[in-house]
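Engineer: One structure coming up, written as structure tokens, with questions to follow.
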Amino acid sequence: SALVIAAVFDRDVNCRRAASAAFQENVGRQGTFPHGIDILTAADYFAVGNRVNCYLTISVYIAGFSEYTQPMIDHLVNMKINHWDGVIRELATKALHNITPQAPEYMANVVLPRLLPLSVGSDLHTRHGAILACAEITHALCKLAQENNRSVTYYFSEKSLEGLKQIHQELCSRQLYRGLGGELMRPAVCTLIEKLSLSKMPFRGDPIIGGWQWLINDSLRHLTLVSSAVRQHIKESAVSALAALCNEFYINERGEADPALQDELVTQYVSELQNAEEMIRCGFSRALGALPRFLLKGRLQQVLEGLKKTTVISPEDMSFAESRRDALIATAKVCQTVGVKGDGSQQEYVCRDNVDQIYATLLSGVTDYTTDSRGDVGGWVREAAMTSLMEVTLLLVQHEAELINPNICKQIMCWLAQQSAEKIDKFRAHAGSVFLTLLHFDHPPVPHIPHREELERIFPRSEKETLNWNAASEAFPRITQLLGLPAYQYHVLLGLSVSVGGLTETTLRYSAQSLFDYMKKIQGDPRALESFCETLLKVFEDNLRNDRVSVPLLTMLDQMLANGCFDMFTEQENHPFPVKLFTLCKEEIRRSKDIRKLRSSIGVFCGLIQFQGDMREKVFFQLFLLLCHPFPIIRKTTASQVYEMLLTYSDVVDPAIVDQAMAILSDTNW
């Protein structure tokens, strides 16, 4: 059994493989090991390479042979639940859960009584592992009892039940939730609470329930004091424990909540959504999302309003992107929990009276482009908003599709199309996946999707899984085809502007090439080109002085002018497009000290010189101003680009003076 234990439970993959090979050698030479061939088949050299598979699958199979069951359990209890590596401790406790059906009496009468004192002992690692082991074994024993139509307490003595209740009280009285150890104890005891609740333990009305609720709430408030690596683990454990606790101990025989308890819990959680600490907002947002339906009944509007306030960006909490993300996730979870009833009460269901408010909250998240020292943190919010929009929309489609109005559906698809055209691969891929999920959903189809037939032609159902949105070379040739669909043109162009004028080489190359291919295609269609130019100017006008869009947009315009995308208008006297574009560019750089923006604008002004009319004098005057700019780099760049412009468009200047002008531009030390 020592070789089997080493092959399955050793932390190091080389040791597991060596033990497996040694076991195989002994089986082959001596043939005296019980069930040797069967074990070798399950635990060969390659199978033991995966540690999770060893602990959770192979161990269960081997423990099915009685000769190995008890030694394996003893090894896990004596050597692995107190291991220095937290991952090993957690895997060991899950292995004990899976092995419990092989030896329930031994687990209940020997192992559990050994673990209970260890769960309140002095050694931190042992305490952590023992608490998790108690949780997993208890849950497994209760499931087994229920499967055999026995009482959930069939395997437990009074002493064991009392010991399970005492764990939290003992840790609390010794203040073991504080300090570094608390980071391990909180998620462990929250897991214990979850497993005891799922096990339907007979603790209803017991004072320990109040203690458990206190720990869950305190853990959610404690999130701000721990490292980000631990934070997510504590949050998830606390939220899972809350859901299980409420479902088991807060519901009466009529399927309702106690009104006083419901009022206290919901009001407290909603009030915490406006806490000055971001992580506390995160914790209680997710907690509200985990509440069961009977606790939300009659309080739905209060919860939705609280979550909506958390998603609003204000000057004080501009950087609270994680709390906005969690509030959006919670909003979708709440909607899924309460269900849909078109003519129902807005205090109990997603219905006609609140569906627009829910969509407004979720759609606000798609426009979050907040940045801080961590980068594009608004991306987390946009990603959560897209997922939540998909979940709520599919929920409505499957129950009462008439609640989705055409305008909302158009907004969702347009915003998703915009995100699918943007520069960050991860968010583009997520948006593309959500876009295609809604487009190709069949049970029943999502109503009111604009240009559905054209979209299904551009994105065939057969390519839904294979299209790699992460690859710019695959995504942009498809998404630019949406520029020809009026409903999507504005949003796709807005997304493309950021990609074409961006700094990432592959994204820039493929997005620009796809855009230029589209422009070539519409050169012979004056109406399509006019429509495109109007949309382009509208994007510029709406994002004037918004550097996230306007700076890359200027770079994109420079490239488009250089590539002859607007040649159709160059022969027309005073065409409105270049006139309006010149006005917007001039306004954009007014009083600006942004080097990148000023340099991008120079290329646009030089490109505008090719258009006929009175505007040429204004363009030259603007370029002369830039030649006199206070920043040397701007003077130098302007001189260089004006020189190239005179070479390219030699007919725009009197031939008698062009040589003199070019000499001045090239000889002056700008």
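The values are calculated or read from the model by the stated rules, or taken from the named source; none is laboratory data. Please read these numbers as outputs of a predicted model, since none were measured by experiment. Here Cβ is always computed from backbone atoms with ideal geometry, including for glycine, and neighbour counts include all displayed protein chains. Accessible surface areas use protein heavy atoms only, side chains included; no ligands, DNA or RNA. Shrake-Rupley method; radii C 1.70, N 1.55, O 1.52, S 1.80 Å.
Engineer: How large is the direction-averaged shadow of the alpha-carbon convex hull of the range 330-411, in nm²?
Structural biologist: 5.4 nm²
Engineer: For the range 35-110 and the range 311-353, what is the separation of their Cα centres, given in Å?
Structural biologist: Distance between centres, Cα-based: 43 Å.
Engineer: Need the list of lysines near Lys200 for cross-linking: C-alpha distance under 22 angstrom, and skip anything on the same chain fewer than eight residues off.
Structural biologist: Within the straight-line limit of under 22 Å, Lys200 reaches these lysines: Lys94, Lys143, Lys159, Lys165.
Engineer: Given a 1.4 angstrom probe, what's the average accessible area per residue across the range 560-667, in square angstrom?
Structural biologist: 52 Å²
Engineer: Once fully extended, how much extra length lies between Ser228 and Glu147, figured as 0.36 nm per residue of separation less the alpha-carbon to alpha-carbon distance?
Structural biologist: Separation in residues times 0.36 nm, less the Cα-Cα distance, equals 25.2 nm.
Engineer: So what are the three principal axis dimensions of the range 141-196 from its Cα atoms, in whole Å, longest to shortest?
Structural biologist: If we take the Cα atoms of the range 141-196, the spans are 43, 20, 9 Å.
Engineer: So which aspartates and glutamates can Lys423 reach, going by Cα to Cα under 17 Å and dropping same-chain residues fewer than 8 places off?
Structural biologist: Reachable aspartates and glutamates: Asp368, Asp376, Glu383, Glu474, Glu505, Asp547.
Engineer: On to the next question. Quick one: which of 45-52, 173-180 comes out on top by average Cβ neighbours within 10 Å, and what's the full order, highest first?
Structural biologist: 45-52, 173-180
Engineer: At 7 Å along Cα-to-Cβ for each site, give me the label-to-label distance between Gln70 and Lys636 in nm.
Structural biologist: Label-label distance for Gln70 and Lys636, simple model: 8.4 nm.
Engineer: So which lysines can Lys618 reach, going by Cα to Cα under 28 Å and dropping same-chain residues fewer than 8 places off?
Structural biologist: Straight-distance partners of Lys618: Lys538, Lys580, Lys586, Lys593, Lys597, Lys636.
Engineer: Moving on. In degrees between 0 and 90, to the nearest 10, how far off the longest principal axis of the chain does helix 486-500 point, with axes built from Cα atoms?
Structural biologist: So the helix axis and the longest Cα principal axis differ by about 90 degrees.
Engineer: ³J(HN,Hα) across the range 631-644 via Karplus (A = 6.51, B = -1.76, C = 1.60, θ = phi - 60°), whole Hz, x for Gly/Pro?
Structural biologist: 8, x, 4, 6, 4, 5, 4, 4, 4, 5, 6, 5, 4, 5
Engineer: Okay, next question. Relative contact order (percent) for the range 560-667, with alpha-carbon contacts under 8 angstrom and 6 or more residues of separation?
Structural biologist: 24 percent
Engineer: How high is the relative contact order of the chain, in percent, counting Cα pairs under 8 Å that sit 6 or more residues apart?
Structural biologist: Reported relative contact order: 5 percent.
Engineer: When only alpha-carbon atoms count, how far does the range 247-297 stretch along each of its three principal axes, as whole angstroms with the largest first?
Structural biologist: Between the extreme Cα coordinates on each principal axis of the range 247-297 lie 39, 18, 16 Å.
Engineer: Report P(r) for the range 152-239: all Cα-Cα distances, bin width 10 Å, range 0 to the bin holding the largest distance, values in whole percent.
Structural biologist: The percentages, shortest bin first, are 16, 50, 26, 7, 0.
Engineer: Can you give me the angle between helix 278-290 and the longest principal axis of the chain, using Cα atoms only, in degrees from 0 to 90, rounded to the nearest 10?
Structural biologist: 70 degrees
Engineer: Write down Rg/Rh for the chain, rounded to two decimals, with Rg from the C-alpha atoms and Rh from the Kirkwood relation over Cα pairs.
Structural biologist: 1.10
Engineer: Treating the beta-carbon of each Lys and Arg as +1 and of each Asp and Glu as -1, no other charges, what is the dipole magnitude of the chain about its Cα centre, to the nearest 20 debye?
Structural biologist: Magnitude of the dipole: close to 1080 debye.
Engineer: Okay, moving on. Counting other C-beta atoms within 10 Å, and keeping those with at most 16, which DSSP coil trypsin sites (Lys or Arg not before Pro) do you find in the range 585-648?
Structural biologist: Answer in residue order: Arg590, Arg591, Lys593.
Engineer: In whole angstrom, how far apart do the alpha carbon centroids of the range 495-549 and the range 581-629 sit?
Structural biologist: Value for the Cα centre distance between the two parts: 19 Å.
Engineer: If one takes the longest principal axis of the Cα atoms in the chain, at what angle in degrees, from 0 to 90 and to the nearest 10, does the Cα axis of helix 124-147 lie?
Structural biologist: Here the helix axis deviates by roughly 80 degrees.
Engineer: Also, quick follow-up: Quick one: Karplus J couplings for the range 326-334, per residue in order, coefficients 6.51, -1.76, 1.60, θ = phi - 60°, nearest Hz, x for Gly and Pro?
Structural biologist: 5, 5, 5, 4, 5, 4, 5, 5, 4
Engineer: Provide the net charge surrounding Ile408, with neighbours chosen by a C-beta distance below 13 Å and charges set as Lys +1, Arg +1, Asp -1, Glu -1.
Structural biologist: Net charge around Ile408: 0.
Engineer: Right, something else. Evaluate E = 1/(1 + (r/R0)^6) for Glu277 and Thr371, where r is the Cβ-Cβ distance and R0 equals 30 Å; express this FRET efficiency to the nearest 0.05.
Structural biologist: According to the calculation, E is roughly 0.90.
Engineer: For Gly344, enumerate residues with amide H under 5 Å from its amide H, sequence gap 5+ or separate chain, H modeled in the peptide plane.
Structural biologist: Arg352
Engineer: Further, regarding this structure: Let me have the 222 nm mean residue ellipticity of the chain computed from DSSP H runs of 4+ only, each contributing -39500 (n - 2.57), with the sum over all residues rounded to the nearest 500.
Structural biologist: After summing the helix terms and dividing by residue count, I get -21000 deg cm²/dmol.
Engineer: First check a/c for the range 560-667, with a ≥ b ≥ c the square roots of the eigenvalues of its C-alpha gyration tensor; if it is under 1.5, answer rounded, and if not, answer prolate when a/b is larger than b/c or oblate otherwise.
Structural biologist: oblate
Engineer: Run through the range 434-541 and list the GluC sites (Glu not before Pro) located in a DSSP loop whose Cβ has at most 12 other Cβ atoms within 10 Å.
Structural biologist: Glu465
Engineer: Within 14 Å, Cβ to Cβ, of Val653, how many net charges do the neighbouring residues add up to if Lys/Arg are +1 and Asp/Glu are -1?
Structural biologist: Result for the local shell: -4.
Engineer: Leu161 to Glu617: extension gain in nm, 0.36 nm per residue of separation minus the Cα-Cα distance?
Structural biologist: Difference between extended and current length: 155.1 nm.
Engineer: In the range 444-516, what trypsin sites (Lys or Arg not before Pro) fall in a loop by DSSP, with at most 15 other Cβ atoms inside 10 Å?
Structural biologist: Sites meeting the loop and neighbour criteria: Lys464.
Engineer: Next up: At a 1.4 Å probe, what is the % contribution of carbon and sulfur to the accessible area of the chain?
Structural biologist: C and S atoms contribute 52 percent here.
Engineer: How many nm is it between the label spots at Gln301 and Arg509, if each spot is 7 Å from the Cα in line with the beta carbon?
Structural biologist: Inter-label distance under the simple model: 5.7 nm.
Engineer: If you don't mind, there's one more thing I want to ask. Three principal axis extents, largest first, for the C-alpha atoms of the range 405-495, in Å?
Structural biologist: Its Cα atoms span 32, 27, 20 Å along the three principal axes.
Engineer: Need the C-alpha centroid separation for the range 387-449 versus the range 113-189, integer Å.
Structural biologist: 44 Å
Engineer: Find the percent of Cα-Cα distances in the range 80-215 that exceed 20 Å, and round it to a whole number.
Structural biologist: In whole percent, the long-distance tail amounts to 40.
Engineer: Right, something else. Residues with beta-carbon under 13 Å from that of Asn563, excluding Asn563: net charge, scoring Lys, Arg +1 and Asp, Glu -1?
Structural biologist: Overall, the nearby charge balance is -2.
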